[in-house]
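Okay, so here's the structure we're looking at.
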Amino acid sequence: MTFDLPGQFWRGNLHTHTNLSDGYLSPAETAQVYRGAGYDFVAITDHFRPEYGYPVTDTHDLRTDDFTTLIGAELHAPRTEAGQQWHIIAAGLPLDFTQPSGSETGPELARRARAAGAFIGMAHPSASLLTAVDAESLDAAHSVEVYNALSDRENRGDSWHLADVLLNRGHRLTTYAADDAHLQPQDPPPCQAWVQVRAETLAPDALLTALKAGHFYSSTGPELYDVRIEGEMVVVRCSPATKILLTGGHPGAELAQGTDLTECALPWALFRGRHCRITVEDATGHRARTNPMYLPF
């Protein structure tokens, strides 16, 4: 499992905009916001739209020994059931990734980006009102953006329900949290949601490989130190929490509650033959979540 792998956890944001599209700050200023907050990396994902000149923002010169960047974009094409355009995160794009043709659909654009080496995320499904039909057509996706801090101001930040539907239908997707930071003065503060990626080095290729393999967890505050399956139990070690939940592909949950929980063991039999995940909640209501774990029948 992720927590047994060699290396360490690196903290990063996968969904970020600058003034090369509709963000407020320059790429350098945006990267400095995250570096100053203790992040190890950021993916600049400016909107890949004609009004911005289809930017794939070059951030090579922002990399240092202790901070790096993933080159990417938020891709768009017509249309979903409820929306005019798809919103697709592609981290790890080549700088010469070509603009979509007039007839290219969102799923086709995502397949092309994945073939070019990118990690593909289904951006803010709840805020975009994505349906299961929409989501199943995006077959190039690696991951679902299950929490989007910017969308939370509309009470549409959480997309776990759609992720669980897709997982129950057999789609082996991972799940991530992100800021969707634009850093506009009226926006919520940045650095509210992130991923912790397990890799041996901070090299962009190592981070991308780990992301595609699902070697990460997501958080808005708490830390996960270890999550493992031991016999019929899921064993968890974490920073102080008030609640540790085991939920997943079956209604119901296994739950531990307390004042300063730092470890527990929860039975997984309720989710036999399905997926499950751990959620840790602290006293402020912030949460950390694992990727889905798949259980035997």
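Let me know the shape class of the stretch 187-286, please: from the alpha-carbon gyration tensor, a ≥ b ≥ c as square roots of the eigenvalues, rounded when a/c is under 1.5, otherwise prolate if a/b is greater than b/c, or oblate.
oblate
ALA213 label point, 7 Å along Cα→Cβ, cut-off 20 Å on backbone N: hits in the stretch 254-297?
290-295
Looking at the stretch 49-181 only, what percent of DSSP beta bridges run antiparallel? Nearest 5 please.
Within the stretch 49-181, antiparallel bridges account for around 60 percent of the total.
Expected output is a single nm value to one decimal: the length gained when fully extending between LYS243 and ALA116, i.e. 0.36 nm times separation in residues minus the C-alpha distance. What is it?
41.6 nm
Which stretch or stretches of the stretch 88-130 have amide N atoms under 16 Å from the point lying 7 Å from ASP187's Cα along the Cα→Cβ direction?
Under cut-off, by backbone N: 88-90, 123-124.
Could you give the size of the charge dipole of the stretch 2-218 about its Cα centre, using +1 on the Cβ of each K and R and -1 on the Cβ of each D and E, expressed in debye and rounded to the nearest 20? Before the final figure, lay out the partial values.
Working: 14 positive and 28 negative charges, 77 e Å.
Roughly 360 debye, rounded to the nearest 20.
Which percent, nearest 5, of DSSP beta bridges in the chain are antiparallel?
75 percent
If you take the square roots of the eigenvalues of the alpha-carbon gyration tensor of the stretch 2-218 and sort them as a ≥ b ≥ c, do you get rounded (a/c under 1.5), prolate (a/b over b/c) or oblate?
Rounded, since a/c falls under 1.5.
Angle between the Cα long axis of helix 27-36 and the longest principal axis of the chain, 0 to 90 degrees, nearest 10?
Computed tilt is about 20 degrees.
How far, in nm, would the chain grow between ALA37 and ASP4 when pulled straight, counting 0.36 nm per residue and subtracting the alpha carbon separation?
9.2 nm
Laboratory data are not the source of any read-out in this text; all were calculated from the coordinates shown. This structure is a prediction, so every number in the text was calculated from the model and none was measured. When we count neighbours, we look across all protein chains shown, and the Cβ atoms used for this are built from the backbone with ideal geometry, even at glycine.
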